[in-house]
Structure formats: C-alpha cells, structure tokens
1. Of everything in region B:1-39, what is at the interface with chain A (Cβ under 9 Å from one of its Cβ atoms), modelled with pLDDT under 85 and closer than 24 Å to B:SER252 by Cα? Give them in sequence order.
2. Considering only residues that are without any contact (Cβ under 8 Å) to a residue 40 or more places away in the chain, farther than 20 Å from B:LEU113 by Cα and not hydrophobic (A, V, I, L, M, F, W, C), which ones fall in region A:21-73?
3. Starting from residues that are surrounded by fewer than 19 Cβ atoms within 10 Å (Cβ to Cβ) and more than 19 Å from B:SER46 (Cα to Cα), keep the ones in region B:253-277 and report whichever is nearest to the other protein chains (Cβ to nearest Cβ).
4. If you check A:SER228, A:SER214, A:SER247, A:SER242, which single one turns out to be outside any helix (DSSP H, G or I) and within 12 Å of chain B (Cβ to nearest Cβ)?
5. Within region B:2-16, does at least one residue satisfy the condition of being outside any loop (DSSP other than H, G, I, E, B) and more than 24 Å from A:ALA183 (Cα to Cα)?
6. Give the number of residues within region A:94-134 that are touching a residue at least 60 places away in the same chain (Cβ under 8 Å) and either β-branched (Val, Ile, Thr) or touching a strand residue (DSSP E or B) at 6+ places or on another chain (Cβ under 6 Å) (or both).
7. Out of the residues in region B:225-250 meeting the condition of being among the hydrophobic types (A, V, I, L, M, F, W, C) and over 23 Å from A:SER108 (Cβ atoms), tell me which one is farthest from the chain's Cα centre (by Cα).
8. Conditions first: (1) modelled with pLDDT of 90 or more; (2) not in a helix (DSSP H, G or I). A:SER198 passes all but one, so which condition is the exception?
Amino acid sequence: MRTGRLIGQAVLAVAGFVAVFPLLWTALNSLKNNVDIITRVPRVVFTPTLANISYILGRDSVLTGLYNSVVACGCAVLIGVVLGLPAAYAVARYPNRWAGDIQFFVLSLRFLPPVAVAIPLMVIWLQIGLYDTLPALIVTYSLLTISVIMWLAIPAFQAVPKEIEEAAFVDGYGAYSVFWRIALPVAARSLAGAVAFSFVLVWNEFLIALMLSSSNAKTLPIVASELSQQGMNVPWGILNASVVLLSLPPLLFLGVLSGFLNSVFRQKKT
Amino acid sequence: MRRRSSLPVTFVVPTLAILLVLSMVPTLYAIVIALQNRELSSAGYSWVWFANFVDLFLDRRFLNAVWVSVKWEIVTVVATMVVAIGLGVLMFEVASPRLRNLYCLLFIIPVLLPRVSAAFVWKFAYHPLYGIATYPYRLLTGGLIFDPLSKPGSALFAVASVDVWQWGLFFAVIVLKLLETLPPQPIEAARLDHARRWQIHAYVTLPMLKAPLISLMFVKMIESLRSFDLIYVMTRGGPGVATETLDMYAFSQGFIESGKVSYASAMAVLMMIATVITFTMLWKRVQA
C-alpha cells in the first residue's frame with residue numbers, strides 16, 4: 001500500500017513538473033543570448049541578457065499589437081458585461097417557458113466553427129469598408145463575450161439566495177434596484193470569474209483575428225506568430241520573449257479563475 | 001412575491017436581438033457565399049449553386065481533412081478524459097489538502113495560455129536538435145535525432161499532446177473537485193467491504209459522477225473543434241497533409257493558396273451543419 005502511495009505521489013509530481021516546466025524554460029530562454037539557446041545540451045547556467053525583452057518592447061509592430069489586443073478585448077468584454085449580465089439575471093430570476101431555449105441558443109453559439117463565422121464576416125467587413133479595423137474586431141468578439149458571460153453568469157445569479165432578494169422587495173425596492181443593489185454585489189465574486197474567463201478567451205483568440213486583419217488591426221497573438229514565420233533565423237530568444245509577453249496577461253487572472261472554480265463547486269455541494 | 005415588472009423584457013430582448021443578428025448574419029451569409037464562386041482576387045461573381053459542394057466530395061484533400069479532423073477529435077477527447085480522470089483520482093487518493101491546492105493551481109496554468117503561446121512553447125521543446133523535450137532522447141541514444149513534428153505518423157500525436165497538456169491537466173482539477181463533492185458514506189461502505197482503492201473508484205465514485213463527466217466530455221468535444229491555432233503554428237497542416245484538419249484546409253484554400261473564398265465557405269458550411277446537428281443531438285441526450 002505504501003509503495004502504491006509513493007508511486008502515486010511521484011506520478012503527480014511529474015505531472016506538476018510537466019505542467020509548468022516548459023513555460024518556465026521558455027521564460028528562461030527569453031533571458032538568454034542565442035549561443036546559450038542553440039546548444040545540444042540544455043544550458044542552465046548562463047549570463048542573462050535583457051536584450052530580447054527590450055528588442056520586443058521596442059518594436060512598433062509589437063506595441064501596436066499590444067494596443068490592439070488591449071482595446072479590442074477590453075471593449076468586447078465591456079460590451080459583454082453590459083449586455084450579458086442583465087440578460088443572465090433576467091433568465092435566472094424570471095424564468096419563463098423560453099428560458100431553456102435561450103440557454104441552449106447561447107451555448108449553441110459555441111458550436112459554430114470559427115472559420116464559418118470568420119469567412120462571411122471578412123467578406124461583409126470588406127464590403128462595408130471596415131475590414132482590418134478595430135471596430136470590426138470588437139463587434140465580432142462581442143458575440144463571444146456576450147454569450148460566454150451569459151452562460152456563466154446564469155448559474156452565478158441562481159446561486160444568490162432568493163430570500164435576500166425577497167426581503168429587498170418587501171422593503172420596497174423595485175425590480176431594477178434589486179438587481180443593481182442586491183444581486184450584483186452578492187454575486188460579484190462569481191461574476192468576476194466569468195468576466196475574467198471571457199477576457200482570457202478573447203485575448204487568446206487567433207483564427208478570427210488572423211482573418212479579419214491584414215495590417216492595422218493585428219492583435220498580439222498574430223504579431224507573435226508572424227515573428228516566427230521569418231524562419232528559424234530569427235534569434236530564438238526574441239521569439240521566447242514574445243511568447244512570454246503574450247502569456248502574461250491571462251496568467252494574471254490565475255488567482256481569480258481558480259477562486260471561481262472553487263466557488264462553482266462549493267455551491268454544488270450544498 | 002415578485003410583482004410584474006418590465007425587467008425581463010428590457011434585460012433580455014436587446015441582448016438576444018444583438019446575439020441573433022451577430023450570429024445569424026454571418027451564418028446565412030456563409031451559405032450565400034458557398035453557393036457562389038467568389039474569389040479574393042476579383043470582385044465579380046456568379047451563382048453556381050451546389051457546384052462547390054460537388055467539387056468538395058471529389059476533392060481527395062478534403063476527404064483527407066475530414067479524416068484528420070475525426071482522428072484529432074477522437075485522440076484529443078479520449079486522451080484528455082483519461083489524463084483528467086487518472087490525475088484527478090490520484091490527487092484525491094494520495095495528495096494532502098495543501099498539496100492538492102498547489103497541484104490545482106499548477107494544473108490550471110497551461111489552459112490559460114494563449115494556444116499560440118502553448119504551440120510555440122512546445123514547438124521549441126520538440127525541436128530535434130535544441131529542444132528540451134527531445135533532450136532525454138538525445139542523451140539516452142547518444143545524439144540520435146528525434147523529430148516528432150516532421151514525421152507524418154507522429155505529427156498529429158505531437159500536436160495533440162499539447163492540447164492534452166492544456167485541457168487534460170485542467171480537467172483533472174475539475175474531476176478532483178467533483179470527487180470532493182461526493183458524500184463519504186458510499187466510499188466508507190465500499191471500504192468496509194474490503195474493496196480495493198481502484199475498485200472503489202471504478203464501481204462507486206466514477207459511476208456516481210457519470211452525468212458531470214459526460215458533460216465534461218461534451219465541453220471537450222466542442223473545444224477540440226478549435227484546433228486551428230495549435231496546428232497553424234506547429235505544423236501548418238504538414239508534413240504533407242498529415243495534420244491538415246478541416247479548418248486548416250478551409251483557411252489555406254480561402255487565404256493562403258488560392259483565395260477561393262466560396263470553396264472555403266462551402267467547407268465551413270458543411271462543418272457547421274455537421275457540428276450543429278451532432279451537438280444538438282448530444283446535448284438533448286445529455287439533458288434527458
């Protein structure tokens with residue numbers, strides 16, 4: 001029995017190592033000179049350099065990509081919050097015979113293959129003259145953020161104890177102020193998780209951004225993927241540094257999202 | 001208790017209207033384009049009705065892409081579930097609460113990464129000469145070259161391993177949380193009956209979790225459809241067409257090779273019909 005436990009512990013330790021080591025190694029490589037990367041035996045001891053990182057942060061294309069990503073994702077998430085949260089609340093608290101269909105419709109948007117959305121949209125934006133602009137990207141991403149936020153926020157609102165809301169009604173609050181002053185603050189933690197999740201989703205989005213931009217509206221994932229297309233002659237350190245830059249924003253939400261997971265499953269228990 | 005209010009209408013109708021417009025316009029337009037013969041290079045077009053679809057079924061590269069997509073779907077979904085259940089049960093059995101929290105945090109990291117990042121991280125790692133993941137092989141064989149991404153037989157599995165790295169570890173956390181929500185009595189009872197640990201899970205806990213596990217698999221099936229980023233960065237569908245999935249082929253037909261937007265759109269429409277029908281049926285069964 002004890003050896004079984006030990007083997008189990010070892011397997012878990014290996015899995016934990018595999019989970020983070022490749023990323024750590026990439027971060028380490030971003031601090032290396034090219035000579036220290038292109039070695040047959042991986043080098044752990046080396047003289048660190050900030051050249052790769054400063055090169056990345058000094059490139060116009062990277063800065064534009066960063067700006068585009070922040071604006072496109074920020075606006076799309078904002079639209080998702082403004083339109084998605086109230087709708088989710090209404091579905092959760094005023095169930096009618098369509099509630100199930102609405103939930104299924106919102107989920108089914110996720111079945112649509114991204115190519116099937118991106119190709120026609122590209123033709124449409126080209127015709128309107130908005131191709132390769134941020135507004136086009138924001139509108140397209142809103143479809144993603146609204147549906148995801150709605151999908152995750154419905155159970156979050158359902159988890160708010162009904163009694164609190166009923167008490168507020170008795171105290172003379174109207175339907176809107178109950179939503180605004182009671183339901184939103186009480187569910188805030190779960191809702192923050194839902195919003196963070198939608199941000200990570202659009203920040204990581206690649207195919208739609210690739211098809212809807214050609215030069216001006218490129219987001220950071222596109223810029224990063226283009227760096228590599230110049231072949232392997234590009235110093236690897238620079239590529240590694242761009243991967244690190246691209247990966248940092250989603251990782252900032254690690255705490256919020258793991259808290260969100262915990263709260264989702266704690267509700268199920270009760 | 002709740003009095004009549006205008007809230008449901010004002011909150012739901014505008015959002016649903018916007019969602020409907022944003023989703024139906026591209027969907028219907030995709031069908032329209034698929035029935036024409038548009039190309040990126042020229043503005044003119046005419047209606048060709050179902051000619052694109054007929055061409056597709058005679059296109060051997062398209063049939064290959066269908067097969068690759070099906071393989072991708074099966075490999076990633078099965079491997080993800082196996083890894084998730086295996087590690088989830090292991091954490092439940094042998095890890096102390098503090099260790100569990102640590103592993104949960106570590107296992108969520110890969111799925112948060114942009115797929116482009118994950119693809120690059122592993123593309124470097126799989127590099128035959130300098131990669132960190134191929135280093136053990138070089139060390140053991142005295143410098144032989146192992147290049148998983150450029151062999152037709154292994155490329156799909158090498159890319160799939162990145163997908164499982166992201167989703168399998170993440171789902172392990174969810175499986176653990178699901179196990180933690182189970183009541184302890186049935187497990188105790190099985191233990192009193194001298195059931196072995198694996199028997200407890202195979203015959204008691206996992207059957208109790210059947211419904212959420214199936215939902216989890218359903219989510220993974222949907223997410224597996226989004227393989228494009230990984231494949232685009234790691235292999236571009238290569239070597240040859242060994243990892244060319246439907247979205248990769250649609251993209252290269254529409255944008256890289258020939259700019260045949262209508263042909264690509266016909267492919268997208270077929271994908272859309274197949275996924276919507278399959279997942280609607282599955283969803284109804286899961287709910288029932």
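The values are calculated or read from the model by the stated rules, or taken from the named source; none is laboratory data. As the structure is a computational prediction, the values presented were derived from the model and not from experiment. Cβ sites come from the backbone with ideal geometry, for glycine too, and all protein chains shown count toward neighbours.
1. Within region B:1-39, just B:ARG38 meets the criteria.
2. A:ASP36, A:THR39, A:ARG40, A:PRO42, A:ARG43, A:THR47, A:PRO48, A:SER54, A:GLY58, A:ARG59, A:ASP60
3. Step one: of region B:253-277, the residues surrounded by fewer than 19 Cβ atoms within 10 Å (Cβ to Cβ) are B:255-259, B:273-274, B:276-277.
After this cut, where a residue has to be more than 19 Å from B:SER46 (Cα to Cα) as well, the list is B:255-257, B:273-274, B:276-277.
Values: B:PHE255: 7, B:ILE256: 11, B:GLU257: 15, B:ILE273: 9, B:ALA274: 9, B:VAL276: 5, B:ILE277: 10 Å.
Across region B:253-277, the extreme among qualifying residues is B:VAL276.
4. A:SER214
5. At the first step, the residues of region B:2-16 found to be outside any loop (DSSP other than H, G, I, E, B) are B:7-16.
Still in the list and also more than 24 Å from A:ALA183 (Cα to Cα): none.
No, because not a single residue in region B:2-16 is outside any loop (DSSP other than H, G, I, E, B) and more than 24 Å from A:ALA183 (Cα to Cα).
6. Just the residues of region A:94-134 that are touching a residue at least 60 places away in the same chain (Cβ under 8 Å), to begin with: A:114-115, A:117-119, A:121-122, A:125, A:131-134.
Cutting the leftovers down to either β-branched (Val, Ile, Thr) or touching a strand residue (DSSP E or B) at 6+ places or on another chain (Cβ under 6 Å) (or both) gives us A:115, A:117, A:119, A:133.
The number of residues fulfilling the criteria is 4.
7. Residues of region B:225-250 that are among the hydrophobic types (A, V, I, L, M, F, W, C), as a first pass: B:225, B:228, B:230-231, B:233-234, B:241-242, B:246, B:248, B:250.
Keeping just the survivors that are over 23 Å from A:SER108 (Cβ atoms) gives B:230-231, B:233-234, B:241-242, B:248.
Numbers: B:LEU230: 10, B:ILE231: 12, B:VAL233: 16, B:MET234: 16, B:VAL241: 19, B:ALA242: 18, B:MET248: 14 Å.
Going through the qualifying residues, I end up with B:VAL241.
8. (2) is the only condition that A:SER198 fails.
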